[in-house]
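J.: Right, I'll just put the structure down here and ask away after.
The values are calculated or read from the model by the stated rules, or taken from the named source; none is laboratory data. What you see is a predicted model; the values in this text were computed from it and never measured. Using ideal geometry, Cβ is built from the backbone for each residue, glycine included, and neighbour counts are taken over all protein chains shown.
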Amino acid sequence: MAAPKKLYIRTYGCQMNVYDSERMAEAMGGAGYVETDRPEDADMILLNTCHIREKAAEKVYSELGRFRALKADRPDLKIGVAGCVAQAEGEEIMRRQPLVDLVVGPQSYHRLPQMEARLREGGKALDTDFPPDDKFDTLRQRPRTRRGPTAFLTVQEGCDKFCAFCVVPYTRGAEMSRPPARVLEEARDLVARGVREITLLGQNVNAYHGAGEGGDWGLARLIRALARIDGLARIRFTTSHPNDMSDDLIAAHGDCEKLMPYLHLPVQSGSDRILKRMNRKHTAEGYLRLIERIRAARPDILISGDFIVGFPEETEADFEATLDLIEAVGYGQAFSFKYSPRPGTPAAERPQVPEEVKSDRLQRLQALLTRQQRAAQDAMVGQTVGVLFEKPGRLPGQMVGKSDHLHAVHVTGAGLAVGDLATVEIVESGPNSLGGRIRGA
Ligand code: 5AD
Ligand code: SF4
């Protein structure tokens, strides 16, 4: 038998890309490829790319440049670009970087094996369709290999919200939800392969509305059904839009034990004037009231957010309103960015804020958020939390895992194994993680 061909995938951007890369590897497994973590050994290199900000998109081209020497040594090496840059730029990628053999968008990667066959015949391959066939259906036959204790599972994809800064509605397409029966089937399969924690993914995951028994299911109903799977210990979901936080989903945070006390709920700005220009369709006050209701259901919930500074026409007063909102919420985790104009989005055409102003605001915003994150982490000392252990730590006998609130926690000398879920008393708070000792399993 011929030695299997080797596939190297590099993933950029969001968690959905991580999930998509796994599925691409599985699809190519069917075409005789095994994964390698060394690009030098690969017969095919795939970059699964992100288009959300200019920097992320530019990284792809500098990375491709670096593969030129590899391709010169081994002309048979195939190089492909997948993901949102592939969707947004299509053929332009092959024009700009002729060493690229294959371009595949996020909705057509189930066709990779056929595309690879075309490459073997000496051609190039491009597919950025939004095909009517469901990629998830084509990808249903999954290998029975063991998995680590945590996994992502895409339940919803695409977005119809059209925030004025965002490329996602163009690169990922219109909103769609997978049927609950399919999600449950995939979740059971993951659990049978060793997974104990599943993070449900979607660009607007809380807008989930899968066609199931008795009509459309919302995300809360899906979570409650998943919670009945024996062996599945933890459920998370990301990313949510404030306007899709239903009463039932808020209630689930209070009454569904397997749903973890962590919620990523981006607000982007604290200024109503900017929120309106962003087409967010909610106010700062509306967001704050929502957070209050969520905290009433689950008082210890850790709130995480995304922020953009320097959106077109953002004034100092608008920016200060964002700082005020952050003060009012108290974030345990946050991601913040300078506004990056994206071609084809409405905000890219509006009067831009100077780069130095953006940098200054980002620095001030991050200083506040870092203080809050630190305080939230330090406040865990003395508390008892669940920790799911994911990998050995740097010290002998040390294991690291994630707490219910998604803090990294390390424990030493307790004879723990990967996949153990233990009750841990937090005894110290370091720069990037908490230290704990076992209280029970
Ligand atoms: N510029 C800067 N940040 C952006 N985001 C989305 N589009 C842009 C953009 N054009 C941020 C938002 C979003 C996160 C995934 O990325 O904060 O929630
Ligand atoms: Fe982008 Fe807004 Fe849709 Fe989120 S809700 S993916 S920020 S358009």
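J.: Looking only at segment 183-216, how many residues end up being surrounded by 17 or more Cβ atoms within 10 Å (Cβ to Cβ) and more than 16 Å from Thr154 (Cβ to Cβ)?
T.: 3
J.: Tyr19: more than 16 Å from ligand 1 (Cβ to nearest atom) and either among the hydroxyl-bearing types (Ser, Thr, Tyr) or out of contact with any strand residue (DSSP E or B) (no Cβ under 9 Å at 6 or more places or on another chain) (or both), yes or no?
T.: Values: more than 16 Å from ligand 1 (Cβ to nearest atom): no; either among the hydroxyl-bearing types (Ser, Thr, Tyr) or out of contact with any strand residue (DSSP E or B) (no Cβ under 9 Å at 6 or more places or on another chain) (or both): yes.
Spelling it out, it is not the case that Tyr19 is more than 16 Å from ligand 1 (Cβ to nearest atom) and either among the hydroxyl-bearing types (Ser, Thr, Tyr) or out of contact with any strand residue (DSSP E or B) (no Cβ under 9 Å at 6 or more places or on another chain) (or both).
J.: Regarding segment 177-186, can at least one residue be identified that is within 15 Å of ligand 1 (Cβ to nearest atom) and either touching a residue at least 12 places away in the same chain (Cβ under 8 Å) or among the aliphatic types (A, V, I, L, M) (or both)? Walk me through how you get there before you give the answer.
T.: First, pick out the residues of segment 177-186 that are within 15 Å of ligand 1 (Cβ to nearest atom): none.
Checked against the condition, which is being within 15 Å of ligand 1 (Cβ to nearest atom) and either touching a residue at least 12 places away in the same chain (Cβ under 8 Å) or among the aliphatic types (A, V, I, L, M) (or both), segment 177-186 yields no hits at all.
J.: Filter segment 1-24 down to residues that are among the charged types (D, E, K, R) and assigned to a strand (DSSP E or B) and give me whichever is surrounded by the fewest Cβ atoms within 10 Å (Cβ to Cβ).
T.: Arg10
J.: Right, next: Can you tell me which residue in segment 40-81 is surrounded by the fewest Cβ atoms within 10 Å (Cβ to Cβ), limited to those that are under 21 Å from the mean Cα position of the chain (by Cα) and of a type in the set (Asp, Glu)? Give the derivation first.
T.: Filtering segment 40-81 down to residues under 21 Å from the mean Cα position of the chain (by Cα) leaves 46-60, 81.
Right, trim to of a type in the set (Asp, Glu) and you get 54, 58.
Values: Glu54: 13, Glu58: 11.
In this case the residue turns out to be Glu58.
J.: Can you confirm whether segment 361-373 contains a residue that is over 27 Å from the mean Cα position of the chain (by Cα) and either β-branched (Val, Ile, Thr) or on the phi < 0 side of the Ramachandran plot (or both)? Spell out how you get there, then give the answer.
T.: Of the residues in segment 361-373, the ones over 27 Å from the mean Cα position of the chain (by Cα) are none.
No, segment 361-373 has no match at all.
J.: Just give me the residues in segment 250-272 being within 16 Å of ligand 2 (Cβ to nearest atom) and not in a loop (DSSP other than H, G, I, E, B), in sequence order.
T.: Scanning segment 250-272 gives Leu263, His264, Gln268.
J.: Next up: Got a sec? Which of Lys161, Lys124, Lys135 is within 16 Å of ligand 2 (Cβ to nearest atom) and surrounded by fewer than 22 Cβ atoms within 10 Å (Cβ to Cβ)? Talk me through it step by step, then tell me what you get.
T.: Working: Lys124 fails: within 16 Å of ligand 2 (Cβ to nearest atom); Lys135 fails: within 16 Å of ligand 2 (Cβ to nearest atom).
Exactly one residue qualifies, and that residue is Lys161.
J.: Checking Pro396 against (1) surrounded by fewer than 18 Cβ atoms within 10 Å (Cβ to Cβ); (2) within 16 Å of ligand 2 (Cβ to nearest atom), which single condition isn't satisfied?
T.: Every condition holds for Pro396 apart from (2).
J.: Next question. Which one of these is without any contact (Cβ under 8 Å) to a residue 12 or more places away in the chain, assigned to a helix (DSSP H, G or I) and away from ligand 2 (no atom under 16 Å from the Cβ): Ala86, Ala72, Ala27? Break it down stepwise before answering.
T.: Details: Ala86 fails: without any contact (Cβ under 8 Å) to a residue 12 or more places away in the chain; Ala27 fails: without any contact (Cβ under 8 Å) to a residue 12 or more places away in the chain.
Selected residue: Ala72, the only one of Ala86, Ala72, Ala27 that is without any contact (Cβ under 8 Å) to a residue 12 or more places away in the chain, assigned to a helix (DSSP H, G or I) and away from ligand 2 (no atom under 16 Å from the Cβ).
J.: Does segment 290-306 contain any residue that is within 16 Å of Phe165 (Cα to Cα) and within 15 Å of ligand 1 (Cβ to nearest atom)? Walk me through how you get there before you give the answer.
T.: Step one: of segment 290-306, the residues within 16 Å of Phe165 (Cα to Cα) are 306.
From what's left, within 15 Å of ligand 1 (Cβ to nearest atom): 306.
Looking through segment 290-306, at least one residue is within 16 Å of Phe165 (Cα to Cα) and within 15 Å of ligand 1 (Cβ to nearest atom).
J.: If you scan segment 276-313, which residues turn out to be among the charged types (D, E, K, R) and away from ligand 2 (no atom under 16 Å from the Cβ)? I'd like the intermediate steps shown before the answer.
T.: From segment 276-313, those among the charged types (D, E, K, R) are 276-277, 280-281, 285, 289, 292-293, 295, 298, 300, 306, 313; that's our starting set.
The answer is Glu285, Arg289, Glu292, Arg293, Arg295, Arg298, Asp300, Glu313.
J.: Tell me which residues, restricted to segment 89-137, are in contact (Cβ under 8 Å) with a residue 60 or more places away in the chain and of a type in the set (S, T, N, Q).
T.: Gln107, the sole residue that qualifies.
J.: Of all residues in segment 52-88, how many are away from ligand 1 (no atom under 16 Å from the Cβ), closer than 26 Å to Arg342 by Cα and of a type outside the set (Lys, Arg)? Spell out how you get there, then give the answer.
T.: Going through segment 52-88, the residues away from ligand 1 (no atom under 16 Å from the Cβ) turn out to be 60-82, 86.
After this cut, where a residue has to be closer than 26 Å to Arg342 by Cα as well, the list is 60-66, 79-82, 86.
If we keep only those that are of a type outside the set (Lys, Arg) as well, we get 60-65, 79-82, 86.
Number of matching residues: 11.
J.: In segment 422-441, which residue that is aliphatic (A, V, I, L, M) and buried (at least 18 other Cβ atoms within 10 Å of the Cβ) is nearest to Gly382 (Cα to Cα)?
T.: Residues of segment 422-441 aliphatic (A, V, I, L, M): 422, 424, 426-427, 434, 438, 441.
Those still in the list that are buried (at least 18 other Cβ atoms within 10 Å of the Cβ) too: 422, 424, 426, 434.
Working: Ala422: 16, Val424: 10, Ile426: 5, Leu434: 11 Å.
Out of the qualifying residues, it is Ile426.
J.: Kindly indicate which of Glu327, Glu285 is closer than 19 Å to Asn243 by Cβ, assigned to a helix (DSSP H, G or I) and at pLDDT 95 or above. First the steps, then the outcome.
T.: On the way: Glu327 fails: closer than 19 Å to Asn243 by Cβ.
Just one listed residue meets the conditions, Glu285.
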